[in-house]
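Written out below as C-alpha cells is the structure these notes cover.
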Amino acid sequence: MLDVERLSRTFGGVYANRDVSLTVADGELRGVIGPNGAGKSTLFTMISGHLHAQSGRITLDGQHIDRLPPHRRAQLGVAIVFQGARLFPGMSVLANVAVGATSRTRAGAVSAALRLPRHRREEREIFADAHEALARVGLSEWADRDAEQLPLGQQRRLQLARALTASPKLLLLDEPASGLRANERRELSHLIRELHRDGMTIMLIEHDVSMVTSLADRITVLDLGEVIADGTPDEIRRDPRVIAAYLGK
Ligand code: ADP
Ligand code: MG
C-alpha cells in the first residue's frame, strides 16, 4: 500500500531523515521506534504532507503522492494524529471531532457562511460521521462534554476519533500513548488492535517497546535519521544494532 523510497530531509544541514525507505502492506500494523530525535515524527509528517521531503518518493496504492498538499493526501486516505496533538479549547467532544471532519469536505467556508443547501446536507453528514467515530472509540456518552475536561486517555481517543471520520486507509499515530496511565494505555492498545483487526493499515510511533511489540506485525527502527532495522518484533528484539542503539540504553 505504502512505498517510501529514499526519503530525506535536513534541518540546518543536519539530516532528520536520510534515505529512509520502507514498504507497508495493506492491512499491516507497522511500529516505528527509535530514540528521541531519531526522525520518527519527521517521517510521519512527510508521509502526511505537512512537511516537505527534500528528496525521495512516496507512493500510496501505486500513486505518487509526494507532490500533493496534505489535504489531497487526506482525501486519498492518509490520516495523521500528530505527536502532542491539541484539542480545540472550549468546544465539546462532538464539536472537536466534527471540526476535523469539516476541513475535509468539498463545501468550503463561503458555502458554510451562506448556509447553502449543500452545506446543510454536508453538516448533517459531518455530525453523523462524528457520532459514528465517537461510538467507535467508546466516547458516545461524553459527546456533549467540554473536551478539555476529559481525562487524558479519553482525550487521546478523541484525537483518534477525529482521524477516523475520514475513514482513512492509512492511519499515522505519533506517540498516542505518551503520558497515559497503564490502564489508559491498555484501553488505547485494545482500540488500535481492533482497528487493525478491522483491516485498517496503521503506522504507530510508540516509546513503550513492549506495547509496540505486542501490537505490530513489523517494526522499523530509526536512529539518527536512518533506518537501522526493519523486521518482525522478534527479529527487532534480537537485532544487535537495535540493542546497541536503542534497547540497550
Ligand atoms: P523523533 O520524532 O524521532 O523524536 P523528530 O523527527 O522530531 O524525531 O526530529 C528529528 C530531528 O530533526 C531532531 O534532531 C530534531 O531536532 C530535528 N527537527 C525536527 N523538526 C524540526 C524543525 N521543525 N526544525 C528544526 N529541527 C527539527
Ligand atoms: Mg517525535
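No value in this document is a laboratory result; all are computed from the given coordinates. Computed from a predicted model, the values in this text were never measured in an experiment. Here the Cβ positions follow ideal geometry from the backbone for every residue, glycine too, while neighbour counts run over all protein chains shown.
Computed quantities for the displayed model
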read-out: Cα principal axis extents for the chain, largest first, Å; value: 59, 41, 34
read-out: Angle in degrees between helix 182-197 and the longest Cα principal axis of the chain, rounded to the nearest 10; value: 90 degrees
read-out: Sorted by Cβ density within 10 Å, fewest first, the residues 242, 99; value: 99, 242
read-out: Cut-off under 5 Å, modelled amide H: who pairs with residue 165 long-range; value: none
read-out: Value at 222 nm in deg cm²/dmol, rounded to 500, when DSSP H runs of n ≥ 4 in the chain each add -39,500 (n - 2.57); value: -11000 deg cm²/dmol
read-out: Separation of the residue 193 and residue 128 label points, Cα + 7 Å toward Cβ, nm; value: 3.3 nm
read-out: Euclidean distance between Cα centres, the stretch 30-91 to the stretch 135-207, Å; value: 17 Å
read-out: Cα-based equivalent ellipsoid, the stretch 174-249: semi-axes from gyration tensor eigenvalues, Å; value: 22, 15, 11
read-out: Local electrostatic count at residue 211 - Lys and Arg +1, Asp and Glu -1, tallied over other residues with Cβ under 11 Å; value: 0
